[in-house]
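For reference, the structure is listed below as structure tokens.
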Amino acid sequence: MGVALTPARSLAFPVSLIAALACALPSWGHAQSGAPVSGTVTERDGQPLSGVVVAVQGLGISVATSPTGRYVLPGVPAGQHVLRFYRIGYAQYQVTVDVTAGTSATADAVLDPQPVELGNVVIEGVSRAPDRMIDAAAAVQVVQPAVGEPLSITGQVPLALARVPGLDIAQASLTDFNINARGFNTTFSRKVLVLQDGRDLATGLVGEQIWGALSQPLEDLGRIEVIRGPASALYGPNAFNGVISITTLPARDVVGTKLTLGGGELGTGRADLRHAGVWFHDRLGYRVNVGYTRSDDWTRSRTSKDSADWKREYAPATPTPPLSTKPDSLPLIGQTKDSVTGQAVGTPDPLVTVYGSARLEYYTANRSVLTLEGGTARADNSVAIGGSGRNQRPRALRPWVRLAWDADGSGVSAWYSGLSLPIVRLISGERSFDNESVWHLEGRTSRMFHGDAGRVVVGASVQDNHVNTGGTLLRPANDDRSDQYYGAFAQLEYGVRHLRVIGAVRWDDSNLFPTQLSPKGAVVFTPVKNHALHLTVDRAFLALLPPALFKADPAGHGKEDLTAIENQLRGDPSVGPALTTVPTGTLFTNSAAVPDSSFGNPHLVPQTVTSYEVGYKGQIGRRVFITLDAYDAHIENFATSPLPVGTTGVNPDFKPWTAPPEVPAGSRADVEAAVLSALAARGPAVQNGLTRLADGTTAIVLSYGNAGTVDEWGLELGSSVSLTSGLTFSGAYTWYNFAIRQNITGNVLAANTPRNKGTLALDYVGRQVTLGVDARIVAGYPWSSGIWVGYIPPSQTVNLDAGYRINPHIRAQAIATNLLDQRRFQVYGGAVIGRRVLVAATSTF
């Protein structure tokens, strides 16, 4: 995702690393000559407060309070220092402390509850540099840890995003989620870039996020910034409809040991252990975690020959029986198939995930941080839905490593992400494999100028994706491949009084797509304090992936018997005489078994979007925050699903079928026209897909193409009201519409997005008790993606969570997702999602 680094730039990372360590060593020695500072943080009534960050101003030293409200800063240098105490939901507090070498000092603090002023929350995702959320030139929302923590026992990270306006959170099985923003969803959408501490969570082959194979639980993922709208100007490929940026908690903010045990419906069991601490006078932090989850799934086998099992599965969710598709060849792992009826017998094996990670952080005196971390996850038996059917994954292995240096305004990071993934296609029984590794190096810096009036942000990155499918998904000549991505970006902004002007551009290149320029322009107008309007214009693009370019499935859908068509033509008095010299059964090379094939298209170009957005953010007092965003977007060059190639021209490598050479030259055109007419009875895929391969043999070929121009527009509203210091009401509403301006016959362009959707939520966070309830309301809408064509009924999903702190060290929690057990499917062809009630207990010490 970036431009190739020059040798000098490539050396920036080790040089920066050495410089950071060199700067840190003197401060380490200085800290050893200091003394410890300790104390207790409480509320007004004397109750201890855990998770309060205590920082020594200007020294880069900090630690979080324990469950009893205690903290210890062991190596504060001698002298007078300011300690700052802060925790979300409480007013910040600071105190001055005098430290004498060799003598311990005490500094206690009392924090008062205070509603969170969301407009003043500092974010970094929109500009890749710090901004108040209210000043950001994009539609952006922050999901705080307090929202995600109750959901952690579910193991379903995407559920934490359900309250964000403009997002579609479509669930197809327990762990298979499809997250999209602003329309044109599919069974497998990759239009929102998902990052964890800057590391792309997508796979290199097909660009999906395997949500069931994360190596950390949701409560350790910290906060999540969700940017809606094109963002390629700063993030490059696949930031098409937005960016989800996850920032994990540093080790020194979670010092101590945490053990969570939980379980409940669907045979769910979960165990998670985390330990974190600081060494060497708070200069070195570490964190390790391991976990295990086990659960059944809502996914059912669909192997019965009469498709009755699929009809029974969907009966509670819709009065309309699902449209017939070919029954799956294989049942789920753990089941067998009755040889007579095809019905699945037995119990599917459960979904099992084992995960773990470790992190080491070095904090320098100049507030820069050096981080080395890594982890892995193993997920067994998950099911994911694709355009051509459902796939089961017996075992996915997902290792990763990250090394990063971050300072004020600058950073360098290098990371690796791997994947070992066997795949079983349930519809055909075919097996494939994806073995891949992704290496990424990136550097960025930001600088202020002319006081605080101007800022420039620049960066560059290089990435190598290696994929090997063992010839199961890609052509042998194009398999076991390494693809490179290069990019560089710059953003310049300048503000005068109430107006700030922003311009950005990114250059991207790859051996998989032609050079792309992604510009951005924005104006932010702040007429009065805490109220801002922004007008933004963005362009973004989707990277082309190896399967779309190089897929090779010579008989992916079996073979067609065209013998009857050949016999019909031989008996036709107008063209029959011209076929007498063609050997019987060879009009279509082997008329009894014509391969039904699928191939990639190396001539594809990236899909692009240009978006115009106007938005308002307003903080009304300390208690009310409102966002309102409207957009109009223009999308071009849709990458189609596989279409027949013979007569459509979607792939220039395949031409209309031609008569065999034995047919006289004067009759060839008549024979070809008669064949095309006779094939109409077999459907458009056969009629329009008939072609000849490079070796001259006949085949029915489907391939990808670029087709379609669409305009889409919408409105997104979000609000949060702090009724008291602990009680918050929030709501969101999204309206969406679109118009297809240009398309080709046979290409289905479906928004797969509801016209209206919204959420309402009420949350209470007290010292001992937490309660939360939310309702997500989604209108019904038609769905069309690959073989899955039908109607998704409206849904009203209610979730409820409750927590109780038994003592400073033990907390009990319960959550019910889909509390009312409203059986619905969120992706046509996906599983019918039901209720799930879970309980857990967490011990911290």
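Just a few scattered comments:
Conditions tested, residue by residue: (1) touching a helix residue (DSSP H, G or I) at 6+ places or on another chain (Cβ under 8 Å); (2) among the aliphatic types (A, V, I, L, M); (3) under 23 Å from Ala699 (Cα atoms); (4) surrounded by 21 or more Cβ atoms within 10 Å (Cβ to Cβ).
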| site | (1), (2), (3), (4) |
| --- | --- |
| Ser518 | yes, no, no, yes |
| Leu542 | no, yes, no, yes |
| Asp561 | no, no, yes, no |
| Ala564 | no, yes, yes, no |
| Thr586 | no, no, yes, no |
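- Residues of the stretch 199-214 that turn out to be assigned to a loop (DSSP other than H, G, I, E, B) and either of a type in the set (Val, Ile, Thr) or modelled with pLDDT under 95 (or both), as a count: 8
- Ile169 vs. criteria under 26 Å from Asp763 (Cα atoms) and surrounded by 22 or more Cβ atoms within 10 Å (Cβ to Cβ): no
- Selection from the stretch 815-836 of residues that are in contact (Cβ under 8 Å) with a residue 60 or more places away in the chain and more than 19 Å from Ile385 (Cα to Cα): Ile815, Thr817, Arg835, Arg836
- Screening Val254 on (1) surrounded by fewer than 20 Cβ atoms within 10 Å (Cβ to Cβ); (2) over 18 Å from Leu151 (Cα atoms) shows it passes everything except condition (1).
- When residues in the stretch 810-838 are screened for being under 28 Å from Leu273 (Cα atoms) and either among the charged types (D, E, K, R) or surrounded by fewer than 16 Cβ atoms within 10 Å (Cβ to Cβ) (or both), 5 of them pass.
- Residues of the stretch 470-487 satisfying the condition of being touching a Gly at 6+ places or on another chain (Cβ under 9 Å), surrounded by fewer than 22 Cβ atoms within 10 Å (Cβ to Cβ) and assigned to a strand (DSSP E or B): Asp483, Tyr486
- Restricting attention to the stretch 362-410, the residues that are assigned to a loop (DSSP other than H, G, I, E, B), out of contact with any helix residue (DSSP H, G or I) (no Cβ under 8 Å at 6 or more places or on another chain) and within 24 Å of Phe280 (Cβ to Cβ) add up to 2.
- Just one residue in the set Thr584, Thr610 is among the β-branched types (Val, Ile, Thr) and without any contact (Cβ under 8 Å) to a residue 24 or more places away in the chain; that residue is Thr584.
Residue-wise test of (1) assigned to a loop (DSSP other than H, G, I, E, B); (2) buried (at least 19 other Cβ atoms within 10 Å of the Cβ); (3) in the same structural domain as Asn511 (by TED's automatic domain parsing); (4) in contact (Cβ under 8 Å) with a residue 12 or more places away in the chain.
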residue: Leu604; (1), (2), (3), (4): yes, yes, no, yes
residue: Val614; (1), (2), (3), (4): no, no, no, yes
residue: Gly618; (1), (2), (3), (4): no, no, no, yes
residue: Phe625; (1), (2), (3), (4): no, yes, no, yes
residue: Pro661; (1), (2), (3), (4): yes, no, no, no
residue: Gly666; (1), (2), (3), (4): no, no, no, no
residue: Val671; (1), (2), (3), (4): no, yes, no, yes
residue: Ala680; (1), (2), (3), (4): no, no, no, no
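- Some residue of the stretch 40-51 being under 22 Å from Arg287 (Cα atoms), among the hydrophobic types (A, V, I, L, M, F, W, C), modelled with pLDDT under 90 and out of contact with any Pro (no Cβ under 9 Å at 6 or more places or on another chain): yes
- Top-ranked residue in the stretch 360-395 [being of a type in the set (Ser, Thr, Tyr) and buried (at least 17 other Cβ atoms within 10 Å of the Cβ); ranked as modelled with the lowest pLDDT]: Ser388
- Taking the stretch 691-724 as the range and being touching a strand residue (DSSP E or B) at 6+ places or on another chain (Cβ under 8 Å) and charged (D, E, K, R) as the test, the residues that pass are Arg692, Asp711, Glu712, Glu716.
- Search result, residues across the stretch 305-319 that are part of a loop (DSSP other than H, G, I, E, B) and either surrounded by 14 or more Cβ atoms within 10 Å (Cβ to Cβ) or within 32 Å of the chain's Cα centre (by Cα) (or both): Ser307, Ala315, Pro316, Ala317, Thr318
- No other residue among Val686, Val701, Val710, Val721 is surrounded by fewer than 19 Cβ atoms within 10 Å (Cβ to Cβ) and at pLDDT 90 or above apart from Val721.
- Among the conditions (1) touching a residue at least 60 places away in the same chain (Cβ under 8 Å); (2) surrounded by fewer than 21 Cβ atoms within 10 Å (Cβ to Cβ); (3) in a strand (DSSP E or B), the only one that Ser428 does not satisfy is (3).
The values are calculated or read from the model by the stated rules, or taken from the named source; none is laboratory data. Please read these numbers as outputs of a predicted model, since none were measured by experiment. Quick reminder, even Gly has a Cβ in these numbers, built from the backbone with ideal geometry, and neighbours come from all protein chains shown.
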